[in-house]
Amino acid sequence: MSTDEHLPDVYLSLGSNIEPEKNLRRAVQLLREVCTVLAISSAYRTPPQGFINQPDFLNMAVKIHTSLTPEAFKTQVIDMIEKQLKRRRDPSNKNAPRTIDLDISLWGDAAFRYGSKPWCVPDEAILHYAHVVLPLAEIAPDFVHAQFGLCLKDIAARFDTSQWIKISLME
């Protein structure tokens, strides 16, 4: 029996537009060192949101198991990976270019707020941004959003992604 069977399926969203291929691969490698990586989506080349005078992003999703709490995962894993990959936050531009951005999108079927921001799970961006939901829907199409009762594939179908380029980063 796997020790991970009792753990919730956790879905992370990853994005980068500074050396994105290198930084996304490295982020997944670092995740593999601290948790069980169960699935990895393709990467999708997407236009920037908000601040558009910057390179396109590559966005992807990863399904993991971890025994950490969401707060501990944020501080011990996400913050560590973002620091290691030299993520710089521009306080005057939340949509600035970045080496890496990791977010907890789903934590099983739980709905909660955590951390100092506070962050929300399910991530509200799932309903508003194709670059978040499309990679999630690729690896968990039938996962039902806890608050809205819709499958990820149905949420993703609402967006026009016909011009997006799908890239396989992980062999």
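For the condition within 24 Å of Asp160 (Cα to Cα) and either surrounded by 16 or more Cβ atoms within 10 Å (Cβ to Cβ) or at pLDDT 95 or above (or both), what is the one hit in Met60, Met80?
Going through Met60, Met80 in turn, just one is within 24 Å of Asp160 (Cα to Cα) and either surrounded by 16 or more Cβ atoms within 10 Å (Cβ to Cβ) or at pLDDT 95 or above (or both): Met60.
Find the residue count for the stretch 113-171, including only residues that are over 19 Å from Leu102 (Cβ atoms), of a type in the set (Asp, Glu) and outside any loop (DSSP other than H, G, I, E, B).
Residues meeting the conditions: 1.
For Phe73, indicate whether it is touching a residue at least 12 places away in the same chain (Cβ under 8 Å), farther than 19 Å from Lys166 by Cβ, loosely packed, with under 13 Cβ neighbours inside 10 Å and touching a strand residue (DSSP E or B) at 6+ places or on another chain (Cβ under 9 Å).
no
Every residue in the stretch 29-57 that is at pLDDT 95 or above and among the small types (Gly, Ala, Ser), please.
Matches in the stretch 29-57: Ala39, Ser41, Ser42, Ala43.
Looking for whichever is farther than 14 Å from Leu12 by Cα, among the hydroxyl-bearing types (Ser, Thr, Tyr) and either modelled with pLDDT under 90 or buried (at least 18 other Cβ atoms within 10 Å of the Cβ) (or both) here; the options are Tyr129, Tyr114. Which one fits?
Within the list Tyr129, Tyr114, the selection yields Tyr114.
Hey, among the residues in the stretch 14-43 that are surrounded by fewer than 21 Cβ atoms within 10 Å (Cβ to Cβ) and of a type in the set (Ser, Thr, Tyr), which one's nearest to the chain's Cα centre (by Cα)?
Filtering the stretch 14-43 for residues that are surrounded by fewer than 21 Cβ atoms within 10 Å (Cβ to Cβ) and of a type in the set (Ser, Thr, Tyr), the one nearest to the chain's Cα centre (by Cα) comes out as Ser42.
What's the number of the only condition in (1) surrounded by fewer than 16 Cβ atoms within 10 Å (Cβ to Cβ); (2) closer than 26 Å to Ala156 by Cβ; (3) modelled with pLDDT under 95 that Asp90 fails to meet?
Only one criterion in (1) surrounded by fewer than 16 Cβ atoms within 10 Å (Cβ to Cβ); (2) closer than 26 Å to Ala156 by Cβ; (3) modelled with pLDDT under 95 is unmet by Asp90, namely (2).
Do we have Thr75 as touching a helix residue (DSSP H, G or I) at 6+ places or on another chain (Cβ under 7 Å) and not aliphatic (A, V, I, L, M) here?
no
The values are calculated or read from the model by the stated rules, or taken from the named source; none is laboratory data. No experiment lies behind these values; they were computed from the predicted model shown. Methodologically, a virtual Cβ is constructed for each residue, glycine included, from the backbone with ideal geometry; neighbour enumeration extends over all protein chains shown.
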